[in-house]
Amino acid sequence: MTTPDAPLGGTVRIATDHTLIAIFDPVPLRDHVKERRSWWEADPFGNAERQDGRLAIWPLGGRGGFYRVRLGLDLEESERAYDRGTSPPAPLQVSQNAQVFLGPAERLPGDGYGDRLSEIPDKGGLLPLPPGGYTVTAHVLDWRPEERFWSEENEPTDDAPPDFVLVVQKVDSLPAAPEDVRPLLELLPQKKPKGGERVVITAPKLRGPIILEDEKPAKKRGQGIGGTAPRRDAGPRRDAVMKIAPGKPGDLRDGARVRHGAYGMGTVLFVRDGFPKVRVKFDSGTGDEFKVDRSELTVLS
């Protein structure tokens with residue numbers, strides 16, 4: 001194995017809905033621009049392009065989110081303490097164009113897109129990589145539980161490590177593409193609540209259920225004259241949205257700011273006593289809402 005003799009690499013931000021990240025030389029894949037995207041979506045890991053090194057792709061697991069990915073020759077010293085596992089090496093062939101695209105798999109060419117990969121915020125980018133054959137190994141870093149890497153605005157600080165590092169090594173002959181690739185996020189250790197952590201397992205008891213607007217039951221037709229029931233003014237309707245007073249700092253409650261190991265920062269929209277799932281709107285910029293286990297959340301405020 002040898003190392004490239006020219007500058008390479010860099011870090012990109014990736015937001016993905018397909019929960020797949022990919023790296024490829026755009027030149028050999030231009031023939032797919034006018035094809036349907038199903039050329040890769042039907043079998044992301046069994047297509048010929050992955051087998052011969054024109055495309056390297058990894059599943060993330062989970063339901064998407066924001067991630068930072070760095071391409072380089074090796075882990076940096078500051079990253080080694082957070083390395084939690086690697087994927088099998090994947091083949092990658094780079095043409096004389098000396099550039100690769102690193103980003104979400106939805107940026108692969110097809111349906112008329114991909115002839116020129118323009119800059120789109122949080123959708124990857126082009127990085128320099130000298131021509132030749134490479135192996136690419138994905139390293140998964142577990143740095144998010146460290147408070148010192150988060151700003152007061154709940155954004156990663158400038159010195160925060162990336163979530164993944166793709167380590168490239170130049171080779172004389174490409175290896176076969178690995179058949180079985182474990183989702184990268186599954187390499188992270190399973191978080192278990194500890195006494196010193198602000199992870200709330202039992203939510204405070206409420207006087208009544210919270211009913212969100214999209215969970216209101218359909219109005220029932222009454223039995224009174226004209227098909228409507230007599231109106232009552234005594235007390236709120238059962239299907240009314242209840243306003244809950246703010247709880248104590250650290251309580252898992254509506255409006256609490258929380259952090260999830262995979263999805264990042266978010267705001268609690270709905271939590272109910274006795275139910276293991278919590279609905280959270282994560283700060284992905286797309287307004288994504290997911291139900292997650294309360295044991296996976298760290299309460300920030």
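What follows draws every value from the coordinates through simple rules; no lab data is involved. These numbers come from a predicted model, not from an experiment. A quick note on method: Cβ atoms are made from the backbone with ideal geometry, for glycine too, and the neighbour counts reach across all protein chains shown.
Sorted by packing (mean other beta-carbon atoms within 10 Å per residue), highest first, where do 67-77, 48-58, 113-123 land?
The most tightly packed comes first, giving 48-58, 67-77, 113-123.
Could you give the length gained on full extension between D43 and E153, defined as 0.36 nm per residue of separation minus the Cα-Cα distance, in nm?
35.6 nm
Highest mean first, what order results for 166-176, 82-92 on Cβ atoms within 10 Å?
82-92, 166-176
Just to verify a number: FRET efficiency for A98 and S295, C-beta to C-beta distance, R0 = 45 Å, to 0.05?
0.45
What FRET efficiency do you get for T267 and Q190 if R0 is 30 Å and r is their Cβ-Cβ distance, rounded to the nearest 0.05?
According to the calculation, E is roughly 0.80.
In terms of the Cα gyration tensor, with a ≥ b ≥ c the square roots of its eigenvalues, is the range 114-153 rounded because a/c is under 1.5, prolate because a/b exceeds b/c, or oblate? Walk me through the numbers on the way to the answer.
Working: a/c = 3.70, a/b = 1.55, b/c = 2.39.
In terms of gyration-tensor shape, oblate.
Residues in the range 29-49 near a label at D115, defined as backbone nitrogen under 13 Å from the 7 Å Cα→Cβ point?
The answer is 30-35, whose backbone nitrogens lie closer than 13 Å to the label point.
Could you pull the Cα extents of the range 10-187 along its three principal axes, largest to smallest, in whole Å?
For the range 10-187, the Cα extents along the three principal axes come out at 46, 34, 29 Å.
Describe numerically, in nm with one decimal, the distance between label points set 7 Å from Cα along Cα→Cβ at D52 and at K34.
Between D52 and K34, the simple spin-label model gives 1.9 nm.
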